[in-house]
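Quick notes on the structure that follows.
The values are calculated or read from the model by the stated rules, or taken from the named source; none is laboratory data. Keep in mind it's a predicted model, so treat the numbers as computed, not measured. Every residue, glycine among them, receives a Cβ derived from its backbone with ideal geometry; neighbour counts consider all protein chains shown.
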Amino acid sequence: MSTQDKPHKPHKPHKPDPAITNALKSWKTHSGFWLKAAVAIGLVSGLLLIGQAWLLAKTVNAVVFSKATLPDVMPWLWGMLAIFLCRVGLAWASEQAAFHAAVQVKLAIREQLYQKVQQLGPAWLSGERSGDIINSLSDGVEALEAYYARYVPAMALMALIPMALLVFVFANDWISGLIMLGTAPLIPLFMILIGKGTEKRNQQQWQALARMSAHFLDVIQGLTTLKLFNASRREARMVAQISDQHRLATMSVLRVAFLSSFVLEFFSTVSIAIVAVLIGFRLFWGEMDFFYGFFVLLLAPEFYLPLRNMGTQYHARMQAIGATERIVAILGETVETRDGTRDVISANTHTPIHLQNLTFTYPDGRQGVKDLNLTIHPGETLALVGLSGAGKTTLINLLMGFLQAQSGQILLGDTPLNTIAPETWRKQFAWLPQKPQLFPGTVADNIRLGQPQASLDAVQAAAEQAQAHTFIRALPQGYDTVIGEAGQGLSGGQIQRIALARAFLKDAPLVILDEATANLDRESETLVQAAVQKLAVGRTLIMIAHRLRTVQDADRIAVMDDGQVVQTGTHAELLQTSPVYQQMVNAYGGEA
Amino acid sequence: MKDLIRLLRLFKPYQGWMLLGMLLAFVTLMANVLLMAVSGWFITAMAMAGVAGVSMNYFTPAGLIRFAAIARTAGRYGERLVTHEATFRILSELRVWFYQKLEPLAPARLEAYRSGDLLSRIRADIDKLDNVYLRLLVPVVVAMLATLVFVLVLWFYDPLLALVEFTLLMVAGVMVPWLMNRWGASTGQQMVTTAAQMRSALVNDLQGMGELLVYGAADAHAAHIRQLSQDLAAQQQKMSGLQGIAQGALGLCANLAMWGMLLVAIPLVSEGKLLPPQLAMLALFALASFEAVMPLPLAFQTLGETLAAARRIFSLADMPPAVAEPEQPLPVPETLHFAFRDVDFRYQPEGTDVLHNISLDLPPAHKLAIVGATGSGKSTLASLLLRFREPVSGEILLDGQPLQQYHGEALRQHIAVVSQQTHLFNTTLRENLLLARPDADQEALDAACQLVLIHDFISSQPQGYDTWAGETGVRLSGGQAKRIAIARAVLKNAAVLILDEPTEGLDPETAQQVMANLVAHATAQRQSLLLITHRLHGLEQMDNIHVMDAGRIIESGTHAQLLAAKGYYQQLSVSGKLLVEKIKT
């Protein structure tokens, strides 16, 4: 095969991936018996319709041809009234059952998806567009509703009701029966032919929608930046352009999607017309009784109705398939879990951590760490220094278990870390990322994070140790002050100290800090520094350091370069022996 | 109702599409009623002719049936295409309209809103407004027209028939939807709110997933999401129940109408006032006519949801911008001389002063540094200068004229800013850089990136300048993202360059080099430089330095003067120096 024949990117399959339709099928189990109940009730309601038609035909026949008066036909009319009422109740019950089934599926899938994202963890999330994932978790899951609540029951009823009707039609008039039997399969046939093309386009449209969503989040988050560059008007044109693209893409799908319902309408209408005309002429020629003719004619539209309903629900299926594709893709991501199940750790503050020959390369080919060796002594304060890209962040992500090394191992004493259950391991350490995340809720709730049972006294004590008590007290509602997203209204130093209070409250033997002192003014830095020093007492502390003051307080410094720890030692030792370190310190010195 | 009218006014550019869609919907409906009624009549008439052995003209009814069948099928297809086209055009219009309303509110007014909530508003709420045309306007207008036609036709046969039809149409089309709307409104509002809450919680949880895991709060937060998901499901189930009742009541009305026709028409047939084929015709006519009101309960039910969405959209869009633009802006002068005179500023009217009695000068080609701790009000100075906010008292002058007399956008044309919360967009590095100057060539990009020492890194990437910057630039380290943001500001080549903590997140070595390059660049380009920092290095080359504390300027002078004054600046500086000397010995 010449290279020209090869597509640049793998093409989307023209048919939905069997994995996707299988997933949709297997998810039905989440709904329990509700879907079956919905279909059964729907079927009874459909059968009652035959009775209704029979009574109507009887009535009209009697009035027109037997000169019956109102009192003569009144019993039939009462019967009809009873059927009306029954059908209303049954239709409602059927719909509720189907909706309940759909709700069960949605709840289960959202739960699975969220847990999966949680398992994949923060390191995976940072590489993905969280806008897309949020879209799948909210709108994507919602798109399953119409599929289970309407499409699936409609499909089942489409097979059952026409069959039941057909029995009655054949019993009364085999010619009409043959016409219906002959035309009915044509409808799904054409639908499938048209549906095939639409399905692929629908998937593309869903992707376009997800991209549009991500673009919006991005644009709104960057609105200030856009304004600074006077580009916000330009971006308005982009918004219009993307919306227009979305419209054109959707309309091109709909033109075809509506075509399938056009075909349905066309065939069912023509079929009914043929049935009507043939009945009409046989009545005219006296070959048939009016009652049977009228009865069959009343049943004919009902015969095609479920088929037509399927047409209107068909795009519910396509929407669901588009959404499912994303959901299945996320659910199918491999979690690089440790198979560790050990839930007891014998390790304590006296256990060293050995990092042996660790190598990690990111899926996109970026090097993280390469053959890295380092021992973390119990109780020490270890500073990681190095230029950006030296592998400091990768190292701590490996240590925390958010990434799994391709080779090498981490030993806790002599226990390999990957034999320990992740939850158990995570109880052993506290973490302060570069930009701590505050969650909606009160200041106290944010400090309590993960320990909702902690008393206010404990929270205050932690805040005091984190040098946060004073400023929290000064907030309008103190510890009950509600914080906005990303801690709006709080300074960077204040957010850091709330995050530090979390760590104090957790009281874990190991503390991991990621550039915890970046972005702070001098005073905040001093306060944070003091808090960190307190935190280091009786604990092992590993921190990515950027400042001399931080480094000076460390018991030991690991200098990282190009994915490896090139040297370790105290500040004084390294100043003497490490040219890389000397160079860095000189730069630190200029920083003041 | 006010919201609805306002919404309709926004749709005005597309009224042609909208009217065409309604017309097609009406024609489709009428064709179906015609088809059913004529069929019923035709069958009965043929049977009677057959029984009586007389001939009849079956060409006309057969032709009518054919015509109605075609009109219905084609009309339905056209109606769907046109109404959807109109809907999407409206949506597109709405998005742009909303974005344009949002744009003047940034950044001052939007700080209070969570971005997750904002996103939910724009996307979900605006998507929801598609209901207004497709599910509300079209069905209501068509139903009203159709009811009129039906009643007139039946009146022709017998007023009592018209009365039965009208009564039941009103029950099905007005009373049932009205009741459903009453019962469904609060649930509709709850659904919008719950969905928004869930989205917002998802945004927060995904961003803070690491901390949730480490602090063992992941399960609690998952449970919270589960709870919201269940709440939403319960609300949806309730809504679906109402919807089911409405649909059922409607079907019942249609059947009752047919029943009523029989009840009224059978005696009329017996009396000879109606012809027998008309009995079948009227029964089928009544059944088919209720297609007109079928979509109404759904229309009114979604009304609550839609109005809630519209209210939220309008409430946000109606916020006045923090800064009003002048009616007749002055042209921005060639040389920019900014001056603050006794400027006070606070965020809340009753809050404490963030800036107090600030006076300073930034003449052309002047290098000014503002030094102070975080929270001392330094960044607010920049936001005042950019006209994102206005002073509470005192004034800011440009070229001797109050800053309020210049248009913010024209002003910002001449100012490049590296802010603390800089944003890299989800696109290539090139696109991110070109934001500053869309017509910049590769040479200009290279030069700007070389200046901030990021060029080599970009060139080392397989895709070079076409490398994708991940969400808020996470695929880049903080320092790399920062330097790209600085390069972007440099590329703009504006008369004034504002650097707000430009070296944060940079390695010290790099930071020093980048600062030196920026100062040299500004000097060579005769750019004014406003450096906002809490770091004291590299300030020797500044023409003037203001030291700020708690919103006030407490010291001013050059680096040398400030050192000589032995004030706060000197203290900070000396403690820094001592630290360095201590290390070196």
Hey, any hits in region A:500-511 for a residue that's within 30 Å of B:L110 (Cβ to Cβ), modelled with pLDDT of 70 or more, of a type in the set (A, V, I, L, M, F, W, C) and in a helix (DSSP H, G or I)?
yes
Residues of region B:318-334 being under 22 Å from the mean Cα position of the chain (by Cα) and more than 17 Å from B:L384 (Cα to Cα), which ones?
B:D318, B:M319, B:P320
When region A:419-466 is checked residue by residue, the ones that are assigned to a loop (DSSP other than H, G, I, E, B), more than 9 Å from chain B (Cβ to nearest Cβ) and either touching an Asp or Glu at 6+ places or on another chain (Cβ under 7 Å) or touching a residue at least 40 places away in the same chain (Cβ under 8 Å) (or both) are A:A421, A:Q428, A:A454, A:A466
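Results for (1) over 18 Å from B:P295 (Cβ atoms); (2) at the interface with chain A (Cβ under 9 Å from one of its Cβ atoms); (3) modelled with pLDDT of 90 or more; (4) within 55 Å of the chain's Cα centre (by Cα), shown as yes or no for each residue.
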{"residue": "B:V27", "(1), (2), (3), (4)": "no, no, yes, yes"}
{"residue": "B:A31", "(1), (2), (3), (4)": "no, no, yes, yes"}
{"residue": "B:G40", "(1), (2), (3), (4)": "yes, yes, yes, yes"}
{"residue": "B:M46", "(1), (2), (3), (4)": "yes, yes, yes, no"}
{"residue": "B:A62", "(1), (2), (3), (4)": "yes, yes, no, yes"}
Would you mention how many residues in region A:427-460 are surrounded by fewer than 21 Cβ atoms within 10 Å (Cβ to Cβ), charged (D, E, K, R) and either within 18 Å of A:F471 (Cα to Cα) or in contact with a helix residue (DSSP H, G or I) (Cβ under 6 Å, 6 or more places away or on another chain) (or both)?
2
Within region B:339-394, tally of residues that are surrounded by fewer than 20 Cβ atoms within 10 Å (Cβ to Cβ) and of a type in the set (K, R):
3
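Only one residue in B:P267, B:P277 is in contact with a Phe, Trp or Tyr (Cβ under 8 Å, 6 or more places away or on another chain) and over 19 Å from A:L85 (Cα atoms), so which one is that?
Answer to the check: B:P277.
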All conditions in (1) among the small types (G, A, S); (2) touching a residue at least 40 places away in the same chain (Cβ under 8 Å); (3) touching a Lys or Arg at 6+ places or on another chain (Cβ under 9 Å) are true of B:G505 except (2)
Of all residues being under 17 Å from B:Q247 (Cα atoms) and touching a helix residue (DSSP H, G or I) at 6+ places or on another chain (Cβ under 7 Å) in region A:61-85, which is farthest from the other protein chains (Cβ to nearest Cβ)? Just the residue, please.
A:I83
Hey, B:H221 hits all of (1) over 23 Å from the mean Cα position of the chain (by Cα); (2) buried (at least 19 other Cβ atoms within 10 Å of the Cβ); (3) without any contact (Cβ under 8 Å) to a residue 12 or more places away in the chain but one; which does it fall short on?
(3)
Of a type outside the set (K, R), more than 33 Å from the chain's Cα centre (by Cα) and either farther than 18 Å from A:E302 by Cβ or outside the structural domain of A:S94 (by TED's automatic domain parsing) (or both): is that true of A:W124 in this structure?
no
What residue, among those in region B:361-380 that are at pLDDT 90 or above and out of contact with any Leu (no Cβ under 7 Å at 6 or more places or on another chain), is farthest from B:G551 (Cα to Cα)?
B:A365
Among the residues of region A:374-397, how many are among the β-branched types (V, I, T) and away from every other protein chain (no Cβ under 14 Å)?
3
Could you check region A:569-587 and list, in sequence order, the residues that are surrounded by fewer than 16 Cβ atoms within 10 Å (Cβ to Cβ) and hydroxyl-bearing (S, T, Y)?
A:T570, A:T577
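Just checking, how many residues over region B:42-52 are crowded, with 23+ Cβ neighbours inside 10 Å and either in contact (Cβ under 8 Å) with a residue 12 or more places away in the chain or among the polar types (S, T, N, Q) (or both)?
Qualifying residue count for the region: 5.
Return a yes/no flag: does region A:474-492 have any residue that is within 14 Å of another protein chain (Cβ to nearest Cβ), assigned to a helix (DSSP H, G or I) and at pLDDT 85 or above. Working first, answer last.
Here is the first cut: in region A:474-492, the ones within 14 Å of another protein chain (Cβ to nearest Cβ) are A:474-476, A:482-492.
Retained after the next criterion (residues that are assigned to a helix (DSSP H, G or I)): A:474, A:485-487, A:492.
Applying the additional criterion that residues be at pLDDT 85 or above yields A:474.
Scanning region A:474-492, I find at least one residue that is within 14 Å of another protein chain (Cβ to nearest Cβ), assigned to a helix (DSSP H, G or I) and at pLDDT 85 or above, so the answer is yes.
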Out of B:L10, B:L81, B:L20, sole residue that is touching a Leu at 6+ places or on another chain (Cβ under 9 Å) and more than 9 Å from every other protein chain (Cβ to nearest Cβ):
B:L10
Could you list, in sequence order, all residues of region B:176-222 that are more than 14 Å from every other protein chain (Cβ to nearest Cβ) and aromatic (F, W, Y)?
B:W178, B:W183
Within region B:225-238, residues within 18 Å of B:D205 (Cα to Cα) and over 26 Å from the mean Cα position of the chain (by Cα) come out as B:R226, B:Q227, B:Q230
Picked from region A:34-74 (must be outside any helix (DSSP H, G or I) and of a type outside the set (D, E, K, R)), the residue surrounded by the most Cβ atoms within 10 Å (Cβ to Cβ) is A:A68
Scanning region A:532-568 for residues that are of a type in the set (A, V, I, L, M) and part of a loop (DSSP other than H, G, I, E, B), the one farthest from A:L510 (Cα to Cα) turns out to be A:A545
Take the residues in region B:395-448 that are in a strand (DSSP E or B) and not β-branched (V, I, T); name whichever of them is surrounded by the most Cβ atoms within 10 Å (Cβ to Cβ).
B:A416
